[in-house]
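Every read-out reported here was derived from the displayed coordinates using simple, explicitly stated rules and does not represent laboratory data. Only a predicted model underlies this, so the values are computations on that prediction, with no experimental measurement involved. Neighbour counts run over all protein chains shown; Cβ positions are idealised from the backbone, glycine included.
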Amino acid sequence: MRKRSILLTLLLLGSLHAFTQFSTLHDFSARTIDGNLFDFSLLKGKKVLIVNTASECALTHQFKKLQELYEEYGGDDFEIIGFPSNDFGSQEPGNNGQVKEFCTQKYGVSFLMMEKISIKGDSIHRVYKWLTSSEQNGVLDAKVIWNFQKFLVDEEGHVVESLSPVTGPQNRRILEWLQEGK
């Protein structure tokens, strides 16, 4: 009987440990497009929209609406983070400097842009590994299917939802989410 109690206790403790090990966005850092290390814990208390971007995609025009969304809602309560990636159709061939120049000159992007990363496969960036794996985020499994897929992250750094690349930045679901809790 004592062995059963000890075994049950160990199993419960193991389960508790597994439950508490889920990360939040605030546990990560990544390099900005300028090469500076950005600590995502600075985003505590903010809703965050994370999007993988590409400058030669049929959806590249979404930069304009992302910037408009940022201008309307960005600040103390909301941030947009763009992660350039060349993983889909080789549609982001430029280096970080070229990507930054394109985004700022063509679309006036002022929201946070990170360095170019891989968002799938063996070299997936740790933020995207977290975003797409329920084993890491504790909420959902999501496969990134193309450029401009969006992830909504709440003020505590938990993934809320993954949205299709064709879901526009000013889609009703995103706007409703931004208004929640206000």
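Quick notes
- Beta bridges from DSSP with both residues in the chain: antiparallel share about 55 percent, rounded to the nearest 5.
- Relative contact order of region 23-179, taken over Cα pairs closer than 8 Å and 6 or more residues apart, is 30 percent.
- Above-threshold pairs, the threshold being 26 Å between Cα atoms, out of Lys106/Lys129; Lys106/Lys182; Lys106/Lys143; Lys65/Lys182; Lys100/Lys120; Lys65/Lys116: Lys106/Lys129; Lys106/Lys182; Lys106/Lys143
- Segment Lys106-Ser164, extension gain: residue separation times 0.36 nm, minus the distance between their alpha carbons: 18.5 nm
- Placing unit charges on the Cβ atoms only, positive for Lys and Arg and negative for Asp and Glu, gives the chain a dipole magnitude near 680 debye about its Cα centre.
- Each other residue within a Cβ distance under 13 Å of Pro93 adds +1 if Lys or Arg and -1 if Asp or Glu, for a net charge of -2.
- Ranking Ser90, Ile33, Met114 by how far each Cα lies toward the positive end of the dipole of region 23-179 (charges on Cβ) leaves Ser90 at the top.
- Fully extending the segment from Ser118 to Asp39, taken as 0.36 nm per residue of separation minus the present Cα-Cα distance, adds 26.5 nm.
- Part-to-part distance (alpha-carbon centres) for region 44-82 and region 100-155, which is given in Å: 11 Å
- Under the span-like rule (Cα at least 24 Å along the axis, Kyte-Doolittle mean at least -0.5), DSSP H helices of the chain: 2-20
- Relative to the 2.2 N^0.38 Å rule of thumb, the chain has a C-alpha radius of gyration ratio of 1.16.
- Additional length obtainable on full extension of the chain from Glu180 to Arg31, 0.36 nm per residue less Cα span: 50.6 nm
- Label separation (Asn171 vs Glu155): 2.4 nm, computed from points 7 Å beyond Cα along the C-beta direction.
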